[in-house]
Amino acid sequence: MWDTILGGLLAILGGWGAIWYQFRATTKRRMNELLADRKIEANAQAYSIVKEIQGHLVQSDMETTHQRILDKEEWFFSNRLFLPGQFPEKWLSIRNDVGTLKFWEKASSKTPEEMATLSRQIDSTVTDAVLEIYSDMGLKPIDLSQRGD
């Protein structure tokens with residue numbers, strides 16, 4: 001009789017253990033799915049924003065470009081945990097360098113060569129930020145300059 005009761009209790013414990021393990025595994029899998037979705041969304045937004053900034057660097061003055069970057073600060077800080085590798089550092093570098101270049105333009109405190117050097121550095125950092133996104137997503141950049149002639 002005790003064997004039957006002990007067997008029943010062990011069966012109940014085993015059932016509860018299996019349910020707990022299955023619940024835990026399902027919860028972890030769902031959490032990973034949610035994180036992956038959030039990461040993909042953040043990467044897509046980051047790509048769009050960086051490309052927009054890249055366009056502003058060519059078409060707008062530094063005041064407008066800097067303001068556009070500052071307008072995206074809330075987005076950046078709410079998504080930085082989901083952004084790839086070195087992207088947050090690159091974002092902050094772009095923001096700070098554009099602010100510096102804007103200041104230099106207003107104050108006329110630097111030579112055109114110094115300003116051009118910083119501008120090239122900003123362009124390089126923007127390109128690196130885009131490549132960081134590509135790398136995180138496992139994609140290769142598309143080279144549109146190659147023609148299939």
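The values are calculated or read from the model by the stated rules, or taken from the named source; none is laboratory data. This one's a predicted model, so the numbers in the text were calculated from it and none came from an experiment. Ideal geometry is used to build each Cβ from the backbone, glycine not excepted, and the neighbour counts take in all protein chains shown.
Worth pointing out:
- The residue list THR26, THR64, THR4 contains one member that is in contact with a His (Cβ under 7 Å, 6 or more places away or on another chain) and not basic (Lys, Arg), which is THR64.
- Residue count for region 38-80 under the criterion of being modelled with pLDDT under 90 and either more than 19 Å from LEU101 (Cβ to Cβ) or touching a strand residue (DSSP E or B) at 6+ places or on another chain (Cβ under 6 Å) (or both): the result is 1.
- For region 29-82, taking the residues that are in a helix (DSSP H, G or I) and among the acidic types (Asp, Glu), the one that is nearest to SER124 (Cα to Cα) is identified as GLU52.
- Here the condition is being polar (S, T, N, Q) and surrounded by 11 or more Cβ atoms within 10 Å (Cβ to Cβ); of GLN59, GLN54, GLN22, it holds for GLN54 alone.
- Residues in region 26-40 that are charged (D, E, K, R) and under 17 Å from MET137 (Cβ atoms) were compared, and the one that is nearest to the chain's Cα centre (by Cα) is LYS39.
So that you can scan it fast, the table gives a plain yes or no per residue for (1) at positive phi; (2) more than 18 Å from the chain's Cα centre (by Cα); (3) surrounded by 14 or more Cβ atoms within 10 Å (Cβ to Cβ):
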{"site": "ASP71", "(1), (2), (3)": "no, no, no"}
{"site": "SER78", "(1), (2), (3)": "no, no, no"}
{"site": "GLY85", "(1), (2), (3)": "yes, no, no"}
{"site": "LEU101", "(1), (2), (3)": "no, yes, yes"}
{"site": "THR125", "(1), (2), (3)": "no, no, yes"}
{"site": "ASP128", "(1), (2), (3)": "no, no, yes"}
{"site": "TYR134", "(1), (2), (3)": "no, no, yes"}
